[in-house]
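Report on the structure given below.
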Amino acid sequence: MEEKKYDYLIVGAGLFGSVFAHEMTKRNKRCLVIDKRDHLGGNVYCENKEGINIHKYGAHIFHTNDKKIWDYVNQFATFNNYINSPLSLSKGKLYNLPFNMNTFYQLWGTKTPGEAKKIIDKQILEYGVKSPKNLEEQALSLVGKDIYETLIKEYTEKQWGKKAKDLPAFIIKRLPVRFTYNNNYFNDIYQGIPVGGYNTIIEGLLNGVETKTGVDFFGDREQLESLAHKVVYTGKIDEFFDYQHGQLEYRSLRFEHELHKIENYQGNAVVNYNDKEYDFTRIIEHKHFEFGKQDQTIITREYPEAWDRSKEAYYPINNEINQELFKKYKQESLRVDNVIFGGRLAEYRYYDMHQIIASSLTKVEEILK
Ligand code: UDP
C-alpha cells in the first residue's frame, strides 16, 4: 500500500472525532483532526468569559447509565454534582420539569401520586389513542391534555418548526414522567458538569493528537483525503454525497449571549419558555452549571431557526420522510470503504453526548477486531 502521512483524517473535532482520535493515537495510529470552526470540541466547546464557562452552542449536561462511559469521561475531568432541574414558564406561571409531582401540584393542586394519577389517567382515557403515531399522539396518550397543552405543544412546535402531529413520537419519550417529587431531568445514575468546562475533556482526548482548526474539508477535499488511508467523517452525510438524493432536514439554532452586571439573573441554569409568544425556547444562565459565585452573570437565549446550507445543523429531524432519505445515504455510505461515518450529523441521529462516546468507542473496537 502507498505510504501516506496519516492513518486517519478525522473530519470534525466534536466528541465522536475526538474519542476516535484519542483511541487510535493510543494504538500508535497517526491521526490528523480537522475542524472548520476556529476551535476544537464541536458543540461542547465552552468559552470562558468573566470566569464563567459559557456553553457556546447550548446547554450540555453530561448524563449516563453506563459505568464504562462514566469512567471513560472521568479520566479527563472531575465532574461536579450538578443535577439538571429546568423550569418551564407557561402563561405566566413557572412549572418544574420533568413532569413530576411538583408539576402536578402546580397544575392541579394534587398532593398525592394517587390524586395526580387519577387526573392523568382520566385525560388519557378521554383521549383514547392506543398506538400513538406521532409526537402529539404520544404526548396526549402519555400525560394527557393539560400537560400537553401547558408544557409541550408550543415549546415543541417552536423548537422543531413543525406541527407536533408531523414529528416522530420518540422525541417526547426522552422526558421522564414520575410520581415522586423529583425534579431531576434525567433518569440516569451518573450526571454532572466537568469542572473547568467541557474543553478540559476535549483537551485530554486530543492531547498528543495533531489538529488543525479553520480547515473546511469541502474546501480542499481531494488534497485532504489524499493525506490519509482512511477518513472519519462526522459532518452532514448528505453534504458528503453532494446532496445527490436531495437534502435532509435539520434544525438550526441561534444563540444570543448577554452579560448582566448582577449576581443572579434567573436563579436556575435552565428556564424553558413554552409559549409561542417568545421566539426563544430557553434561557441558560451558565454560572449555575458550576455553582458560580461571580458578581456578574452571562445568559444565553436559544432561538430555534430554519436550517439552510449557510447555517449550522444542530438537530436531525427524524420524521419518516427524512428517515427514508437517510436510508439512501446510508446505502451510499456502505459502498465507500475508506470512510467511516459517525456522530449526530453523519448518522443522522438525535444522539446525546454519552451515546456519541459509546458509538465512537464501539466503532474503534469494530475496526480493531
Ligand atoms: N419538550 C417539551 N417541553 C419542554 C422541554 C422539552 O415539550 O419544556 C419536548 C420538546 O419536543 C423537545 C423534546 O421534549 O424537543 C426533547 O427535549 P430535550 O430537553 O431532551 O431536548 P434538547 O435539550 O436536546 O433540545
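The values are calculated or read from the model by the stated rules, or taken from the named source; none is laboratory data. All values derive from a computational prediction rather than experimental measurement. Glycine also receives a Cβ, built like all others from the backbone with ideal geometry; neighbour counts cover every protein chain displayed. Keep in mind that these areas ignore ligands, DNA and RNA; they rest on the heavy atoms of the full protein, side chains included. Shrake-Rupley method; radii C 1.70, N 1.55, O 1.52, S 1.80 Å.
Points to keep in mind about this one:
- Taken over the stretch 236-263, the criterion of being buried (at least 16 other Cβ atoms within 10 Å of the Cβ), over 20 Å from CYS46 (Cα atoms) and under 22 Å from the mean Cα position of the chain (by Cα) is satisfied by LYS236, ILE237, ASP238, GLU239, PHE240, LEU248, GLU249, TYR250, ARG251.
- Here ASN184 clears all of (1) under 22 Å from HIS288 (Cα atoms); (2) in contact with a Ser or Thr (Cβ under 7 Å, 6 or more places away or on another chain); (3) open to solvent by 30 Å² or more (accessible area, probe 1.4 Å) except the condition numbered (3).
- Within the stretch 349-369, being within 15 Å of the ligand (Cβ to nearest atom) and out of contact with any strand residue (DSSP E or B) (no Cβ under 8 Å at 6 or more places or on another chain) holds for TYR351, GLN355, ILE356.
- Failed item, numbered, when PRO176 is tested on (1) open to solvent by less than 20 Å² (accessible area, probe 1.4 Å); (2) at pLDDT 95 or above: (2)
- Scanning the stretch 38-60 for residues that are closer than 17 Å to ILE356 by Cβ and open to solvent by 20 Å² or more (accessible area, probe 1.4 Å) yields LEU40, ASN43, TYR45, TYR57, ALA59, HIS60.
- Condition check for PHE217: more than 16 Å from the ligand (Cβ to nearest atom) and surrounded by 15 or more Cβ atoms within 10 Å (Cβ to Cβ): yes
- Every pair of residues 6+ apart whose Cβ atoms lie under 6 Å, when the first sits in the stretch 124-151 and is among the charged types (D, E, K, R) while the second is within 12 Å of the ligand (Cβ to nearest atom): GLU136/ALA164
Here's the yes/no breakdown for (1) surrounded by fewer than 20 Cβ atoms within 10 Å (Cβ to Cβ); (2) assigned to a helix (DSSP H, G or I):
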position	(1), (2)
ARG309	yes, no
ASN318	yes, no
LYS327	yes, yes
ILE356	no, yes
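Yes/no matrix, rows are residues, columns are (1) in contact (Cβ under 8 Å) with a residue 60 or more places away in the chain; (2) within 19 Å of the chain's Cα centre (by Cα):
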| residue | (1), (2) |
| --- | --- |
| ILE298 | yes, no |
| PRO304 | yes, yes |
| ASN319 | yes, yes |
| ASN322 | yes, yes |
| LEU325 | yes, no |
| ARG335 | no, no |
| ASN338 | yes, no |
| PHE341 | yes, yes |
| LEU368 | yes, no |
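- Extreme residue, least open to solvent (accessible area, probe 1.4 Å), among residues of the stretch 144-173 that are of a type in the set (A, V, I, L, M) and more than 8 Å from the ligand (Cβ to nearest atom): ILE147
- Selected residue (criterion: nearest to the ligand (Cβ to nearest atom)) from residues of the stretch 91-135 that are in a helix (DSSP H, G or I), more than 17 Å from ASN268 (Cα to Cα) and of a type in the set (S, T, N, Q): GLN106
- Total residues in the stretch 43-72, condition out of contact with any Ser or Thr (no Cβ under 8 Å at 6 or more places or on another chain) and hydrophobic (A, V, I, L, M, F, W, C): 6
- Consider the stretch 61-90 and keep the residues that are hydrophobic (A, V, I, L, M, F, W, C) and assigned to a loop (DSSP other than H, G, I, E, B). The one that is surrounded by the fewest Cβ atoms within 10 Å (Cβ to Cβ) is ILE83.
- A single entry from GLN266, GLN294, GLN323 fulfils the requirement of being more than 13 Å from the ligand (Cβ to nearest atom), touching a His at 6+ places or on another chain (Cβ under 9 Å) and either within 26 Å of ALA169 (Cβ to Cβ) or in a loop (DSSP other than H, G, I, E, B) (or both): GLN266.
- Selection status of ILE299, away from the ligand (no atom under 16 Å from the Cβ), surrounded by 13 or more Cβ atoms within 10 Å (Cβ to Cβ), closer than 30 Å to ILE83 by Cβ and at pLDDT 95 or above: yes
- Within the stretch 43-60, the only residue that satisfies the criterion of being within 15 Å of the ligand (Cβ to nearest atom) and either in a strand (DSSP E or B) or without any contact (Cβ under 8 Å) to a residue 60 or more places away in the chain (or both) is HIS55.
- When the criteria are applied in full, ALA346 fails the requirement of being among the aliphatic types (A, V, I, L, M), open to solvent by less than 20 Å² (accessible area, probe 1.4 Å) and within 16 Å of the ligand (Cβ to nearest atom).
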